[in-house]
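Inspection log for the structure reproduced underneath, given as structure tokens.
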Amino acid sequence: MKSWPKIEGTLTDYVDSNWLREPPLRRRLREETAKMPGAGMQISAHQGQQIGLLARAVGVRRAVEVGTFTGYSSLCIAEALPADGKLWCCDVSTDWTKVARRYWKEAGVDGRIELTIGPARDTLDWLLAQGLTGQLDLAFIDADKENYDTYYERCLKLVRPGGLILADNVLWDGSVADPADVDADTKAIRALNAKLKSDERVDLVLFAVGDGMTCALKR
């Protein structure tokens, strides 16, 4: 059986030089965020490029993001939207999202984004109450892990058949495969991973990029 090479060392440099496309604005945002407390919550440039491509592939017009942080992922989604598209962002921090707002404005996509500060569960319930069930093309989940299942179920209602739900950190730095790790976050991610394996409402794939990103296509 063929053994596939790990993407590390010089192979990482090769991959980045041949496939990674990170515009200067995104790079500045990533570098600014890297100096902030909690910088580890930021997605990688590779994930951002992947999210943007997937958003374009499904013809994204309306999307929701659960967990915005400093705005890298939302920038990737918003840039894929048409001029009249809409991205609803959920976060609990005005400090982190102040950085996001600066970059959204500089990119010229701030008019496509509606940010709500508060519990994401409430914002998702509000979107459902507005009649947006089955109306969204894409959902990206990257927030508190203990509520991942709650966010998934609500996003599944919001996304149309043929739409995508993306969930970040599903490998949790390898902790999900360690039975001795019974941390609440680890258990929540592990439970969602197991649930998705048999969830016949979606087609499923794992992208082993960054800290692992699940891509669920709603049937």
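The values are calculated or read from the model by the stated rules, or taken from the named source; none is laboratory data. As the structure is a computational prediction, the values presented were derived from the model and not from experiment. Reconstructed Cβ throughout: ideal geometry from the backbone, glycine too, with neighbour counts over all protein chains shown. With ligands, DNA and RNA removed, areas are computed over all heavy atoms of the protein, side chains included. Shrake-Rupley method; radii C 1.70, N 1.55, O 1.52, S 1.80 Å.
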Inset, instruction - For Trp104, state whether it is of a type in the set (Phe, Trp, Tyr), closer than 23 Å to Leu25 by Cβ and under 13 Å from the mean Cα position of the chain (by Cα). - result: no
Inset, instruction - Find the residue count for segment 43-94, including only residues that are under 11 Å from the mean Cα position of the chain (by Cα) and open to solvent by 40 Å² or more (accessible area, probe 1.4 Å). - result: 1
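Residue-wise test of (1) among the small types (Gly, Ala, Ser); (2) modelled with pLDDT of 95 or more; (3) in contact with a Gly (Cβ under 6 Å, 6 or more places away or on another chain).
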position	(1), (2), (3)
Ala191	yes, yes, no
Lys195	no, yes, no
Ser198	yes, yes, no
Val202	no, yes, no
Val209	no, no, no
Thr214	no, yes, no
Inset, instruction - Those residues that are open to solvent by 60 Å² or more (accessible area, probe 1.4 Å) and within 17 Å of Tyr152 (Cα to Cα), I need them from segment 173-190; list them, please. - result: Lys187, Arg190
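Any idea which residue in segment 125-163 is surrounded by the fewest Cβ atoms within 10 Å (Cβ to Cβ), counting only those that are touching a residue at least 40 places away in the same chain (Cβ under 8 Å) and more than 15 Å from the chain's Cα centre (by Cα)? I'd like the intermediate steps shown before the answer.
Going through segment 125-163, the residues touching a residue at least 40 places away in the same chain (Cβ under 8 Å) turn out to be 127, 132, 135-149, 151-152, 155-156, 158-163.
Applying the additional criterion that residues be more than 15 Å from the chain's Cα centre (by Cα) yields 127, 132, 135, 146, 158, 160-162.
Details: Leu127: 23, Leu132: 19, Gln135: 15, Glu146: 13, Leu158: 24, Arg160: 16, Pro161: 9, Gly162: 11.
Among residues in segment 125-163 that are touching a residue at least 40 places away in the same chain (Cβ under 8 Å) and more than 15 Å from the chain's Cα centre (by Cα), the one surrounded by the fewest Cβ atoms within 10 Å (Cβ to Cβ) is Pro161.
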Inset, instruction - Restrict the check to segment 73-87 and report whether at least one residue is farther than 19 Å from Gly210 by Cβ and touching a Ser or Thr at 6+ places or on another chain (Cβ under 8 Å). - result: yes
Inset, instruction - Would you point out the residue of segment 191-219, among those that are open to solvent by 20 Å² or more (accessible area, probe 1.4 Å) and within 15 Å of the chain's Cα centre (by Cα), that is nearest to Leu156 (Cα to Cα)? - result: Leu217
Inset, instruction - Report, by residue number, each residue of segment 106-163 that is touching a Gly at 6+ places or on another chain (Cβ under 8 Å) and either among the hydroxyl-bearing types (Ser, Thr, Tyr) or part of a helix (DSSP H, G or I) (or both). - result: Arg112, Ala120, Lys157, Leu158
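Okay, residues lined up against (1) on the phi > 0 side of the Ramachandran plot; (2) hydrophobic (A, V, I, L, M, F, W, C); (3) not in a strand (DSSP E or B):
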residue: Thr12; (1), (2), (3): no, no, yes
residue: Val15; (1), (2), (3): no, yes, yes
residue: Arg26; (1), (2), (3): no, no, yes
residue: Glu31; (1), (2), (3): no, no, yes
residue: Ala63; (1), (2), (3): no, yes, no
residue: Thr70; (1), (2), (3): no, no, yes
residue: Ser73; (1), (2), (3): no, no, yes
residue: Cys76; (1), (2), (3): no, yes, yes
residue: Glu79; (1), (2), (3): no, no, yes
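Only residues that are hydrophobic (A, V, I, L, M, F, W, C) and within 23 Å of Pro24 (Cα to Cα): list them for segment 107-129, please. Walk me through how you get there before you give the answer.
Step one: list which residues in segment 107-129 are hydrophobic (A, V, I, L, M, F, W, C), which gives 107, 109, 113, 115, 117, 120, 124, 126-129.
Passing the criteria: Ala107, Val109, Ile113.
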Legend entry - Some residue of segment 95-111 being without any contact (Cβ under 8 Å) to a residue 60 or more places away in the chain, open to solvent by 20 Å² or more (accessible area, probe 1.4 Å) and among the β-branched types (Val, Ile, Thr): no
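Just name the residue that is farthest from Ser74 (Cα to Cα) out of those in segment 9-25 that are without any contact (Cβ under 8 Å) to a residue 60 or more places away in the chain and either aliphatic (A, V, I, L, M) or open to solvent by less than 30 Å² (accessible area, probe 1.4 Å) (or both). Steps first, please.
First pass over segment 9-25, keeping only residues without any contact (Cβ under 8 Å) to a residue 60 or more places away in the chain: 9-24.
Pick out the ones that are also either aliphatic (A, V, I, L, M) or open to solvent by less than 30 Å² (accessible area, probe 1.4 Å) (or both) and you get 11, 15, 20, 22.
On the way: Leu11: 29, Val15: 24, Leu20: 18, Glu22: 14 Å.
The selected residue is Leu11.
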